[in-house]
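This report concerns only the one structure given below.
The values are calculated or read from the model by the stated rules, or taken from the named source; none is laboratory data. Keep in mind the model is a prediction, meaning the values are calculated, not measured. Neighbour counts are summed over all protein chains in view; Cβ atoms, including those assigned to glycine, are modelled from backbone coordinates with ideal geometry. Note: accessible area is taken over every heavy atom of the protein model, side chains too, but ligands, DNA and RNA are not part of it. Shrake-Rupley method; radii C 1.70, N 1.55, O 1.52, S 1.80 Å.
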Amino acid sequence: MKNFRLFGEWLTLLGVTILLVYVAWQRDWVDRLDFALLDMVSEQRLDAPSEDIVVVEIDDRAVSQIGNWPWDRERHAELLNQLSQYEPDTVIVDVLFVDPSDAESDYSLAREVGAAGNIVLAHTFAQQTGGVDDLAPVWPIPELTAAARDVGHVAVRPDSDGIVRRFALDLVIAGESYPHLSLVALKGAQLNGGTSRTDLTDLPNEPIIPMLAPGAYRSISAVDVMRGQVPREFLQDKIVLIGATAQGLGDRYAVPDHAGRIMTGVEIQANVLSALSQGLVIDEASASWAGGVMFASIILLFIGFWQLPPQWGLRVSLVLIATLIGLSAVMIINGLWLPVFPAILGILLAYPLWGWRRLTAVSSFLEAEARILMARPGANEPQSQSGFDMVAQQVSLMRGLIGATRERLAFLRRTLSASPDPMMVFDGEGRAVLMNERAESLFGLKADWNGLTLNELLAAKKAHRDPVKQEIQTADGRIFLVASSGVELEEQGKIVSLRDITYMREAEQQRSEMLEFLSHDMRSPQAAIVGLVGLPAKGMPIEERLERIEQQARRTLKLTDDFVQIARLEYEGIEPEETDLSALLHEALDRAYPLATRKSISLDAEIPADPLFCEVDPYSFSRAIDNLVGNALKFSPEGRSITMALSRDAQNGIVITVSDEGPGLPPERVENTFARFGSRESDAGPSAGLGLAYVKKVVDEHDGEIAVRTKEGEGTAFEITLPEAREC
């Protein structure tokens, strides 16, 4: 039920975040950020301006020398007549001739347009009379429309930030299609057999146009053309645009910063022509594709929230944000724009919301668990609750309660770890009427124990009873103490238990060793971890604190693992199988190679090339060799060498030697090298001696011998000898 509630919260927050992303996407909340990324990256897509495009500017000099704007149609006719002498491929006139002037001037201009045969004129759109949203095309005067090679629209629709970036190549109004001026000009140039252009059949309908700054394209003043002062090759076979650039004339639009922020209409047309002809346009990703990417990123984020540890939440968020920005940038460079900032907005809001919800859940959990623990019998509230805020105080309270519970659990474990004694129930005549499985196992009886006396049971086991000490010694050397339960049964019957004193004594010795291990080796790193956790927030940088906690935790894990391996070997023994010792030793060297490389220690092998098979337990034997090599690496100074050798002795036994050039064993370890809890401290760090104890145990299990040769300052060599009897 609790997990279902948490899943419901997760699912609800996921749905809210997806809804937020969708609304931000549809309402253009973060369009400016997407446009900023688009403008920044699309600049990298720009190429050199097309050499085929020339702008004839009606600039300040042309206006001052030819006459004030607007010019009469005769002046335009004169300009087109002079321009025709240079034989351009296509002439695009970015000037609107929508209102008639005197008939003779209109006729004169129409005659020049028709005579040239390569003139493309511009038209625009206007609001229909009485309409609200409907537009209607506004064409050049009929004479010019009929005389021109083609007519294209120059409508501009800025984005939501007021910047002009994209252009409708095929604007559909009331079911009618109106091609863009640049598109019809390029198609006409192709039809006229002019310079080969890019393929115009697969263009997006409303492409984004990367723009070069004003002045990037080749240009000439209209007055120079009219006076014939332009070199012929400057205009011949070129696409020529005519438009106003003089101050106060013509149209000007806001463009991206890298394009100069403000640009005249004719320069914009030049950019559109160049991008179309060079294939540099950028298409916008479809709504389904963009939505899929954005929503998939949100789902991935929440999967990370659900499946990964809390500390990974921020990392996943940052990685997703960087991935989305990088993906958008790469796609823009490759001609496709993918808006991603609605998803980034969702990530930026989802992370703190999820963190807040999880913090609330953790706080509630701590409070509830503290109440449960404090309500149990014998529970005492900790004397102090330290912490910066409520959560820290709750953690402090739980730490105290958990500590008390841990002590009770430790006591319970110690109590339950003692296996049940063999127990027997005797009637008033001293004959067995009931016994547990331990007793049956001890006497080796099944169903024939019923009615036997204790002495008869002991005789069957060939055990001797000492009536003075009330002890029983079995044939296999075990000693049991005969203890009465102290409960008198009917007709003087009793419950008798046999307590294995041998096991208790061994357990007592082992417990002593374990307590020594726990009280020093295991307690030290745990105490260090608790101390580091409890430091004030400003006492140590968090990175250093986490690093030290990790070191102490790893030390604890290493000690625990070593102790568990020894215990496992003691209780499970070994499983010998035919093993190639040459390969086993080479593998040990391979595992040690990374650490040896970091310490600049060379690993030398004196191992025969041919396989040498022997009946050993490969797992425990490999671990023992790893312990020896690991100790050699741990204590050897940098730049020294470690040698591993494999050979046969005079009795045909197997001899494995691991030697180093380290400082040698300290005197206290030389006395009892393989003690389970040996030297505590060394220059290379604390040690409980479990590694060498494990090696000794493995060698003993294989009926082998191990010897150590060490000299202070000259190194240490461990020599393992496996007898020929092991079928080596």
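Observations, loosely collected:
- When segment 245-267 is limited to residues that are in contact with a strand residue (DSSP E or B) (Cβ under 7 Å, 6 or more places away or on another chain) and open to solvent by less than 10 Å² (accessible area, probe 1.4 Å), the one that is nearest to Glu43 (Cα to Cα) turns out to be Val255.
- Complete set of residues in segment 104-123 that are touching a Ser or Thr at 6+ places or on another chain (Cβ under 6 Å) and either assigned to a loop (DSSP other than H, G, I, E, B) or open to solvent by less than 10 Å² (accessible area, probe 1.4 Å) (or both): Asn118
- Single residue of segment 421-440 satisfying the filter (farther than 11 Å from Leu498 by Cβ and open to solvent by 50 Å² or more (accessible area, probe 1.4 Å)) that is modelled with the highest pLDDT: Arg431
- Candidate set: segment 137-171, residues that are surrounded by 14 or more Cβ atoms within 10 Å (Cβ to Cβ) and among the small types (Gly, Ala, Ser); chosen: the one nearest to Ser105 (Cα to Cα): Ala147
- Residue in segment 72-93 that is touching a Pro at 6+ places or on another chain (Cβ under 8 Å) and of a type in the set (A, V, I, L, M) present: no
- Residues satisfying the stated conditions in segment 587-616, i.e. touching a Gly at 6+ places or on another chain (Cβ under 8 Å) and either in a strand (DSSP E or B) or among the β-branched types (Val, Ile, Thr) (or both): Ile601
- Residue count for segment 649-671, restricted to those that are open to solvent by 20 Å² or more (accessible area, probe 1.4 Å) and assigned to a strand (DSSP E or B): 3
- Looking only at segment 42-58, and only at residues there that are in contact with a strand residue (DSSP E or B) (Cβ under 9 Å, 6 or more places away or on another chain) and open to solvent by 30 Å² or more (accessible area, probe 1.4 Å), the one that is nearest to Leu235 (Cα to Cα): Asp52
- Any hit, segment 83-93, residues being open to solvent by 10 Å² or more (accessible area, probe 1.4 Å), part of a helix (DSSP H, G or I) and under 20 Å from Ser219 (Cα atoms): yes
- Qualifying residue in segment 503-522 (condition: open to solvent by 70 Å² or more (accessible area, probe 1.4 Å), at pLDDT 75 or above and outside any loop (DSSP other than H, G, I, E, B)): no
- Per the listing Leu96, Leu79, the residue uniquely surrounded by 21 or more Cβ atoms within 10 Å (Cβ to Cβ) and of a type outside the set (D, E, K, R) is Leu79.
- Within segment 68-82, considering residues that are in contact with a helix residue (DSSP H, G or I) (Cβ under 7 Å, 6 or more places away or on another chain) and assigned to a loop (DSSP other than H, G, I, E, B), the one modelled with the highest pLDDT: Asp72
- Checked against the criterion of being under 25 Å from Leu690 (Cα atoms), open to solvent by 60 Å² or more (accessible area, probe 1.4 Å), aromatic (Phe, Trp, Tyr) and under 48 Å from the mean Cα position of the chain (by Cα), segment 634-648 contains one or more residues that satisfy it.
- Segment 15-33 - residue that is charged (D, E, K, R) and not in a loop (DSSP other than H, G, I, E, B) and, of those, most open to solvent (accessible area, probe 1.4 Å): Arg32
- Residue tally, condition open to solvent by less than 50 Å² (accessible area, probe 1.4 Å), in a strand (DSSP E or B) and not small (Gly, Ala, Ser), over segment 711-724: 5
- Restricted to strands (runs of 3 or more DSSP E) entirely inside segment 231-328, those with at least 2 residues that are more than 26 Å from Gly67 (Cβ to Cβ) are 252-254.
- Filter pass, Ala174 being at pLDDT below 95, open to solvent by 60 Å² or more (accessible area, probe 1.4 Å) and farther than 21 Å from Glu284 by Cβ: yes
- Filter result (of a type in the set (Val, Ile, Thr) and more than 11 Å from Ile347 (Cβ to Cβ)) within segment 288-324: Val293, Ile299, Ile303
- Unmet requirement for Leu241, which otherwise passes all of (1) at pLDDT 95 or above; (2) open to solvent by less than 20 Å² (accessible area, probe 1.4 Å); (3) within 19 Å of Leu37 (Cα to Cα); (4) of a type in the set (A, V, I, L, M, F, W, C): (3)
- Selected residue [part of a loop (DSSP other than H, G, I, E, B) and over 60 Å from the mean Cα position of the chain (by Cα)] from Ser64, Ser101: Ser101
- Taken together, the criteria exclude Glu547 from residues that are surrounded by fewer than 11 Cβ atoms within 10 Å (Cβ to Cβ), modelled with pLDDT of 75 or more, acidic (Asp, Glu) and not in a loop (DSSP other than H, G, I, E, B).
- Residue check for Asp39: under 16 Å from Phe341 (Cβ atoms), out of contact with any strand residue (DSSP E or B) (no Cβ under 6 Å at 6 or more places or on another chain), outside any strand (DSSP E or B) and not small (Gly, Ala, Ser): yes
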